[in-house]
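To start, the structure under review is shown below, and the notes come after it.
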Amino acid sequence: MKPSLLILSAGIGSRYGGLKQLDPVGPSGETILDYSIFDAVRAGFGRVVFVIRREMEQAFRERIGLKPVAADFAFQEMENIPAPFKPPAERAKPWGTAHAILSAADQLHGPFAVINADDFYGAEAFRALARHLSGDAETDSCMVGFILRQTLSPHGAVSRGLCQTSAEGFLTGTSEHTDIRETGGGISGISPLGERIKLTGNEIVSMNCWGFMPGFLEQTRMHFTDFLKEHIANPRAEFGIPAAVTGAIRAGAMRVKVLHTPATWFGVTYREDRPFVQAQIRTLTDSGIYPEKLWA
């Protein structure tokens, strides 16, 4: 069975100021997610599942209906949580990226990868995921790790999950660092302890590029219930993929192999990032890595 690609597309893009998932950046009007789908199909993925909000459905169906790939949709809704829990009245958005995965659980039947719709990962990232998830004897999940300095934005600070790994190359945890920026004095960020620290730029970071075996879904359901018991009254609490992964690792329920790529990640965190993304894709197109029109 070919693995599926789950694309997290429900974000509002408050810092970007619009529905950046469908904003054209390619020479023929392609979006970043067009390139992800193109790379995934070439790498050997069999189908795509989008997690969206219901108000996005028409725009996505009109856009995705033109692609030669089997696509399904799942809806991330705040009320979609197990009984007897109920969202607090003051909560305004769903419960985070791990909750988004659970929103699509009924449509995932085998190994699957998870990415963000507005992040450009590069063809090698999808080849690495496909090789791992398609291995007949493979039972471990995986994560594509990127080099920190190749994930920064020239237009503002970013947050990144710095990865810790074992001697065998398995993920042991992530630590969320915020306000990461590059200045004349080098790269620095705010550690989980609230201290500004210097970073080398060579750290391996998670960019939400994961590969999971089906058992991860059940583990995530259990940890989501534990999360709700503790945080149901907090209108801003989010159940992210790193928390779900860390919980499963600590429970001894799975291992996560860290796959490495030399690719430069880029995305559209800020609207000012868009010209840079367009220039990067133009360069890749001129180099022959992508055709002038993806879906000719």
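The values are calculated or read from the model by the stated rules, or taken from the named source; none is laboratory data. Model, not experiment: these values are computed from the prediction. Here the Cβ is made from the backbone with ideal geometry for all residues, glycine too, and neighbour counts use every protein chain on show.
If we keep just the residues of region 242-260 that are in contact (Cβ under 8 Å) with a residue 24 or more places away in the chain and farther than 14 Å from M213 by Cα, which is surrounded by the fewest Cβ atoms within 10 Å (Cβ to Cβ)? Filtering region 242-260 for residues that are in contact (Cβ under 8 Å) with a residue 24 or more places away in the chain and farther than 14 Å from M213 by Cα, the one surrounded by the fewest Cβ atoms within 10 Å (Cβ to Cβ) comes out as A251. Select from region 79-120 the residues that are part of a loop (DSSP other than H, G, I, E, B), hydrophobic (A, V, I, L, M, F, W, C) and at pLDDT 90 or above and write down the one among them that is nearest to P214 (Cα to Cα). Among residues in region 79-120 that are part of a loop (DSSP other than H, G, I, E, B), hydrophobic (A, V, I, L, M, F, W, C) and at pLDDT 90 or above, the one nearest to P214 (Cα to Cα) is L108. Scanning region 265-290 for residues that are exposed (fewer than 14 other Cβ atoms within 10 Å of the Cβ) and assigned to a loop (DSSP other than H, G, I, E, B) yields S287, G288, I289. If you go through region 127-186 and keep only what is in a loop (DSSP other than H, G, I, E, B) and not small (G, A, S), you end up with D136, E138, T139, D140, L152, P154, H155, E168.
Return yes when N202 is assigned to a loop (DSSP other than H, G, I, E, B), in contact with a helix residue (DSSP H, G or I) (Cβ under 9 Å, 6 or more places away or on another chain) and either within 22 Å of I81 (Cβ to Cβ) or in contact (Cβ under 8 Å) with a residue 40 or more places away in the chain (or both) and no when it is not. Yes; evaluated as a whole, the condition is true for this residue.
Among the residues making up region 224-248, those that are within 19 Å of the chain's Cα centre (by Cα) and part of a helix (DSSP H, G or I) are F224, I241, P242, A243, A244, V245, T246, G247, A248.
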